[in-house]
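Chemist: Sharing a structure below in structure tokens format, with a few things to ask.
The values are calculated or read from the model by the stated rules, or taken from the named source; none is laboratory data. Computed from a predicted structure; not experimentally measured. Cβ placement follows ideal geometry from the backbone for every residue including glycine, while neighbour counts extend to all protein chains displayed.
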Amino acid sequence: MRFAFIDTEKAYMSLSRLCAFAGVSISGYHAWKRRSPSRRQFDDMIVLAHIRNQFYLSRQTYGSPRMHAELCEDGIQVGRHRVARLMRSNGLKTRQRTRFERTTDSNHGEPVAPNLLDQDFACDGPDQKWGADISYIWTAESVERKTWLKCQPHRQNQ
């Protein structure tokens, strides 16, 4: 982590000053730079390639438990927590489906307003027949409260 920080910031400050700030030696930084990936890092890259493949095949809906099951079915021996760590560190988050929420309740005993227009929209002058629509908009506030935000009806003069 320290060496990665030094590697990103060396364009803005001298290497000796960065190493002194991080508390590491310059030779340690150069050794880190030349070092090849460890066996575990190499295995992680291979497993991550399989995870990414399955993740996009599932249309980004598989979380770590399902992903672990899929990898085991494919014959890849990997632990559930390792799959979770690799997905988390690489930003592979599942897209959760939003449930369909019925907003109209037709089964009620309340009186229903009569249809006075009966599909006859013709009129002689303005301000005789009005039409309205109730729109529902899904907002961040409505997600927290799990309710719909109802908009005011828009009046139209006919």
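Chemist: Contact list please: Cβ distance under 8 Å, first residue in the range 14-27 and surrounded by 13 or more Cβ atoms within 10 Å (Cβ to Cβ), second residue among the hydroxyl-bearing types (S, T, Y) and at pLDDT 90 or above, pairs at least six apart or on different chains.
Modeler: Sorted first by the residue in the range 14-27, then by its partner, the pairs are L15/Y29; C19/S25; C19/Y29; I26/S16.
Chemist: With the requirement that a residue be more than 16 Å from A49 (Cβ to Cβ), in contact (Cβ under 8 Å) with a residue 24 or more places away in the chain and among the acidic types (D, E), what does the range 59-113 give you?
Modeler: Of everything in the range 59-113, just one residue is more than 16 Å from A49 (Cβ to Cβ), in contact (Cβ under 8 Å) with a residue 24 or more places away in the chain and among the acidic types (D, E), namely E101.
Chemist: If you don't mind, there's one more thing I want to ask. Considering only the range 28-39, how many residues are surrounded by 14 or more Cβ atoms within 10 Å (Cβ to Cβ) and either in contact with a strand residue (DSSP E or B) (Cβ under 7 Å, 6 or more places away or on another chain) or not in a helix (DSSP H, G or I) (or both)? Steps first, answer last, please.
Modeler: The first filter runs over the range 28-39 and keeps only residues surrounded by 14 or more Cβ atoms within 10 Å (Cβ to Cβ), leaving 28-29, 32.
Next cut, either in contact with a strand residue (DSSP E or B) (Cβ under 7 Å, 6 or more places away or on another chain) or not in a helix (DSSP H, G or I) (or both) only: none.
Result for the range 28-39: 0.
Chemist: Okay, moving on. Looking only at the range 38-96, count every residue that is on the phi > 0 side of the Ramachandran plot and in contact with a Lys or Arg (Cβ under 6 Å, 6 or more places away or on another chain) and tell me the total.
Modeler: Keep residues of the range 38-96 that are on the phi > 0 side of the Ramachandran plot, which gives 59-60, 75, 91.
Cutting the leftovers down to in contact with a Lys or Arg (Cβ under 6 Å, 6 or more places away or on another chain) gives us 60.
Qualifying residue count, the range 38-96: 1.
Chemist: Within the range 59-74, can you find the residues that are farther than 13 Å from R95 by Cβ and either of a type outside the set (K, R) or not in a helix (DSSP H, G or I) (or both)?
Modeler: Within the range 59-74, S64, P65, M67, H68, A69, E70, L71, C72, E73, D74 qualify.
Chemist: So, one more: Condition first: surrounded by 11 or more Cβ atoms within 10 Å (Cβ to Cβ), basic (K, R) and assigned to a loop (DSSP other than H, G, I, E, B). Now tell me which residues in the range 75-99 satisfy that.
Modeler: Matches in the range 75-99: K93 only.
Chemist: On to the next question. Given the conditions (1) surrounded by 10 or more Cβ atoms within 10 Å (Cβ to Cβ); (2) part of a loop (DSSP other than H, G, I, E, B), which single one is not true for A113?
Modeler: For A113, the exception is condition (1).
Chemist: So, in the range 77-119, of the ones that are over 15 Å from the mean Cα position of the chain (by Cα), over 30 Å from D43 (Cα atoms) and of a type in the set (K, R), which residue ends up modelled with the highest pLDDT?
Modeler: R99
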